[in-house]
Amino acid sequence: MKPLTPQQISRLQNMFAAAQQARQAGMNAQAEGIYRDILKQVPEAWDIQHQLAILLATTGRPLEAAKHFRLIVKANPAHATGHANLANALSESGKLEEAITEYQRALALD
């Protein structure tokens, strides 16, 4: 992927700010849409990926959240919090054996 221009960076930062405001206002669907739009443009924006995963987890979609947490820990295997969040999402989804493995990874890293 070619580097982003300052204008693109500014636009993405504004989008992120809008998503955060929407989330704080309880407009989760709007925030989710903005996060997804950002990720279409910059798939490796791990902070955005994390925000989307947290949003999904807190709105009762742990399996979807787990998918995004998996992307995060795949990109950064030493991310202890990512493993812990993945474990929580897996646990909430009833995938207890996978959750235990992820909890163990998180503990080993932190």
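The values are calculated or read from the model by the stated rules, or taken from the named source; none is laboratory data. The structure presented is a predicted model; accordingly, all values stated were derived computationally and were not measured. Cβ sites come from the backbone with ideal geometry, for glycine too, and all protein chains shown count toward neighbours. Please note that ligands, DNA and RNA were not included when accessible areas were found on the heavy atoms of the full protein model with its side chains. Shrake-Rupley method; radii C 1.70, N 1.55, O 1.52, S 1.80 Å.
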If you place +1 on the Cβ of every Lys and Arg, -1 on the Cβ of every Asp and Glu, and leave all else neutral, what size is the dipole of region 35-83 about its Cα centre, to the nearest 20 Debye? 160
When only Cα pairs under 8 Å and 6 or more residues apart are kept, what is the percent relative contact order across region 1-60? 25
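Pairs of alpha-carbon atoms within less than 8 angstrom and 6+ residues apart define the contacts here; what relative contact order does the chain have, in percent? Walk me through the numbers before you get to the answer.
On the way: 109 pairs, mean separation 16.9, N = 110.
Contact order relative to length: 15 percent.
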Reach of LYS40 by Cα under 17 Å, taken over aspartates and glutamates that are not fewer than 8 positions away in the same chain: GLU32, GLU64
Identify, among ILE54, GLY33, LEU107, the residue whose Cα sits farthest towards the positive end of the charge dipole of the chain, taking +1 on the Cβ of Lys and Arg and -1 on the Cβ of Asp and Glu, with the dipole about the Cα centre. GLY33
Computed from the coordinates I sent, Cα extents along the principal axes in Å equals one of [x] 44, 32, 20; [y] 31, 31, 29; [z] 37, 32, 22. Tell me the label. [x]
Would you please give the FRET efficiency between ALA80 and GLN7, computed as 1/(1 + (r/R0)^6) with r the Cβ-Cβ distance and R0 = 25 Å, to the nearest 0.05? 0.10
Using protein chains only and a probe of 1.4 angstrom, how many square angstrom of ASP110 are accessible, to the nearest 10? 150
Give me the distance in nm between label points sitting 7 Å out from Cα along the Cα-to-Cβ direction at ALA108 and ALA29, one decimal. 4.2
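Charges only on Cβ, +1 for Lys and Arg, -1 for Asp and Glu: so what's the dipole of the chain about the Cα centre, in debye to the nearest 20? Walk me through the intermediate numbers first.
Values: 11 positive and 10 negative charges, 71 e Å.
With only Lys, Arg, Asp and Glu charged at Cβ, the dipole is about 340 debye.
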Heavy atoms only, probe 1.4 Å: what % of the accessible area of the chain goes to carbon and sulfur, would you let me know? 55
As an exercise, use a Förster radius of 30 Å and the Cβ-Cβ distance of LEU96 and ASP47 to find the FRET efficiency, rounded to the nearest 0.05. 0.55
Note to self: with every protein chain in place and a 1.4 Å probe, region 13-110 gives an accessible area per residue in Å² of 56
